[in-house]
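> Handing you this structure, nothing more for now.
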Amino acid sequence: MIRNINKSLKKRVLHAGAWTLIGYGVSQALRLGSNLIMTRLLVPEMFGVMAIANIILYGLALFSDFGLGQSIIQSRRGEEPIFLNTAWVVQILRGAVLCVVALLIALGLYIADTYHLLPPDSVYAHPSLPAIVLALAFSPLISGFESNKLALARRKIELGVVTQVELVSQFAALCSMLGWAMIDRSIWALVTGALVSVGVRVILSHVMLSGPKNGLAWDRECFREIIGYGKWVFLSSILGFLLASGDRLMLGGLVDAKILGLYSIAYMMVSSIQQVMGKLIDNISFPLLSEVIRNKPEDVRSKYYKLRMPVDIVLLLLTGILFFSGHVIIDLLYDGRYTTAGPMLEILSLALFENRFGVTGQYYMARGVPRVLIPLIGSRIPPLYILLPIAFKYYGFDGALWVIATNAFFSIPVTYYYKKINGILDIKRELMVLPALPAGALIGKGIAMLLG
């Protein structure tokens, strides 16, 4: 019986991994293609303003994240209709609250700009920012009605239709952006794409996936379980936002929109890698480890390192490649206005070294102890917020870049400490993947010599 379960689980993992990689390939092709087109139609400062507007909405989302999707995946009641519908009601209410808060932020930005309360040369003082935030405020309201069939499919590690929903919504966003930009080459093309993507995703989540239809329901016990699990997700999400977005939050007040726009291009290249690896980790390791812990907990350490091995090798290779060839990649893909993003990309690539520990975070989520994520994330926040402004003051923008890129290294000792006390640390397996880093460096140097 156990052998059949393991065979079924392995088959679902391989199938899910294939869909995730296919979806990533197509998604990144769409993302890169749209970025290359839009950077030729729009000026760099528009991407800087949009980056800050997106961070505001992203921050609101994480400051109210109770891990609804994770609760559905992790809970033993995650497939019960009453549990799903209670989670859906919480999700709708959350979306409505976020919309109201975002509208108030837009009003606050407008008032602050009117009375010259913002740094005059910063992105926050850009005249179009309040209107952009106002429009994007309706995004969480719309997404609140997204069906949790998506979370249910991830629980079952059935990612085919989930990937299709994501790709169709992304393609719809690209078409809407291009259509708007052909008529009006303004930042509103980017705003339109963001809203269309959310709307299409919500519609498809209801019509493309199988499973029980969502309805309005409320169960106190289900709500208590969601909140009991989600309170730690909530805290880790807040810390995660302060960590992941702290660079742009602070740079938005230190540099102008053009510099932040160039930084956003370099950041996009690195974050695209982080996102695909994060998607693989979230879509595969979390449900897989959850199922192993529920059915055969003695195998969890072995499964953990089987998941880590390919992730480590890929990220270490890419760290070395981008560090030595980032400037060539930018020069090949973008026109002369974006050349400065090349050295930025090379420095930022160092952050990929730490991203390979993402599987560790999913292990704690699967065990139902997300509170462990708090010190792992929290160890990186003080260095970022203390050292970045100091480095910018004495060493300029390049100094700030090095702080952003190397900040991830502060969490590594904490990561190893918690791995040891939780019994999942294997030093031999940790060290055996490190040669991939110099191998990536050699490949990167070869690319730079060949194409430079």
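> What distance in nm separates the simple spin-label points at residue 302 and residue 339, each placed 7 Å from Cα in the Cβ direction?
Here the answer is 5.6 nm between the modelled labels.
> Please work out the Kirkwood hydrodynamic radius for region 97-150, using every pair of different C-alpha atoms, and report it in angstroms with one decimal place.
12.1
> If you stretched the chain out fully between residue 393 and residue 183, how much longer would it get, using 0.36 nm times the residue separation minus the C-alpha to C-alpha distance?
71.4 nm
> Using alpha carbons only, how many angstrom separate the centre of region 150-221 from the centre of region 260-311?
22
> ³J(HN,Hα) across region 278-285 via Karplus (A = 6.51, B = -1.76, C = 1.60, θ = phi - 60°), whole Hz, x for Gly/Pro?
Each residue's phi maps through the Karplus curve to give x, 5, 4, 5, 5, 6, 10, 5 Hz.
> Something else now. How much length, in nm to one decimal, is gained on full extension between residue 29 and residue 406, taken as 0.36 nm per residue of separation minus their Cα-Cα distance?
132.9 nm
> Identify, among 179, 41, 164, the residue whose Cα sits farthest towards the positive end of the charge dipole of the chain, taking +1 on the Cβ of Lys and Arg and -1 on the Cβ of Asp and Glu, with the dipole about the Cα centre.
My answer, from the dipole projection, is 164.
> Another one. Hey, could you grab the Kirkwood Rh for region 256-452? Inverse mean 1/r over distinct alpha carbon pairs, Å, one decimal.
18.0
> Counting each DSSP H run of 4 or more residues in the chain as -39500 (n - 2.57), what helix-only mean residue ellipticity at 222 nm follows after dividing by all residues, to the nearest 500 deg cm²/dmol? The partial results should precede the final answer.
On the way: 22 runs with 348 residues, N = 452.
Helices in the chain give a 222 nm mean residue ellipticity of -25500 deg cm²/dmol.
> For residue 213, put the label point 7 Å out on the Cα→Cβ axis and report which residues of region 139-167 keep their amide N under 16 Å from it.
146-149
> Mind listing the Cα extents of the chain along all three principal axes, in Å, largest one first?
64, 52, 38
> Right, another one. Can you compute the modelled spin-label distance between residue 82 and residue 156, with each label point 7 Å from Cα toward Cβ, in nm?
It works out to 2.2 nm between the two label points.
Every number here is computed from the coordinates shown, using simple stated rules; none is lab data. Everything numeric here is computed off the predicted structure, so don't read it as measured data. Cβ sites come from the backbone with ideal geometry, for glycine too, and all protein chains shown count toward neighbours.
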